[in-house]
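Beneath this line is the structure, given in structure tokens, with notes to follow.
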Amino acid sequence: MSFLLPSIMIILVEVLIALVRATEDKEVQGGSDVTFFGWRVPTWIVDLYKHLGGFGFAMGIAWLLADSLKCYVGSLRPHFLDACQPNWDQVKCKGDHNEYIYVEDFHCSNDAHAVEDARRSFPSGHSTYSMCGMIFGILYLQARFRWHQQQTAPKRRLRTRQGLFGAIVEKIYWLVQALVPGLQALMFLYALFVPATRVLEHFHHVRDVCTGMLIGGSMAVFGAFFIIDIRA
């Protein structure tokens, strides 16, 4: 969801912008300077590659950081004892003076894969991916419908020369632009909802989801502004 939703959104928005450009005069449409074996690559394909590539790079780095920390740092999930199912008959909880001691020597009776996963609480991968995907999506919508509006919006001076198709495309564009703030709010709420559920369902501690959100949000900003320069 955190990867698929922004990817589909980027594709649909770039197709919409391409349709807007297709209704304009040739001299207004312009074109890209990118060629591939002598073929001039259309602008919408260049833009699609740029934004999907930047998003994929950000998600990839976020996954790499989160998974590396899980392997090298990790921590016990809140439900570790349930996942471990230790043999309590072999666990010594009190010392020689009847005081409670820290148990280091214990054996889990549950499936080895479940036990290994229960040791990988820090940081939260779901929180990382949801925050990275949604923040990048929010920045993408802001760029394409606000910062780049002069390049992406229908040219009002061409309205009298547009046919029915052009008029429909123009109305769709302005409708989507009007919905952008609401979409951005929903995406941000989803980015917060996922970490909250991980804590409520006892899969992560608060520190796990906070760190994951920080990693994901940082990588989204890094990918948007430092890899593809989304404002350009």
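The values are calculated or read from the model by the stated rules, or taken from the named source; none is laboratory data. Given the structure is predicted, the values throughout are model-derived calculations rather than measurements. Reconstructed Cβ throughout: ideal geometry from the backbone, glycine too, with neighbour counts over all protein chains shown.
Does residue 198 qualify as being at pLDDT below 95 and out of contact with any strand residue (DSSP E or B) (no Cβ under 9 Å at 6 or more places or on another chain)? So residue 198 fails the test.
For the range 201-222, the count of residues that are under 14 Å from residue 132 (Cβ atoms), in contact with a Lys or Arg (Cβ under 6 Å, 6 or more places away or on another chain) and at pLDDT 95 or above is nonzero. Within the range 165-220, the set of residues being among the charged types (D, E, K, R), over 20 Å from the mean Cα position of the chain (by Cα) and surrounded by 15 or more Cβ atoms within 10 Å (Cβ to Cβ) comprises just one member, 170. Among the candidates 122, 193, which residue alone is outside any helix (DSSP H, G or I), closer than 25 Å to residue 61 by Cα and either aromatic (Phe, Trp, Tyr) or at pLDDT below 95 (or both)? From the options 122, 193, the qualifying one is 122.
Please specify each residue of the range 69-113 satisfying the condition of being surrounded by fewer than 11 Cβ atoms within 10 Å (Cβ to Cβ) and either in contact with a Gly (Cβ under 6 Å, 6 or more places away or on another chain) or part of a helix (DSSP H, G or I) (or both). Hits for the range 69-113 are 71, 72, 88, 89, 90, 112, 113.
For the range 67-84, the set of residues classified as of a type outside the set (A, V, I, L, M, F, W, C) and farther than 23 Å from residue 200 by Cβ consists of 67, 68, 72, listed by residue number. Among the residues of the range 1-19, those that are farther than 13 Å from residue 153 by Cβ, of a type in the set (Val, Ile, Thr) and either surrounded by 15 or more Cβ atoms within 10 Å (Cβ to Cβ) or in contact (Cβ under 8 Å) with a residue 24 or more places away in the chain (or both) comprise 10, 11, 15.
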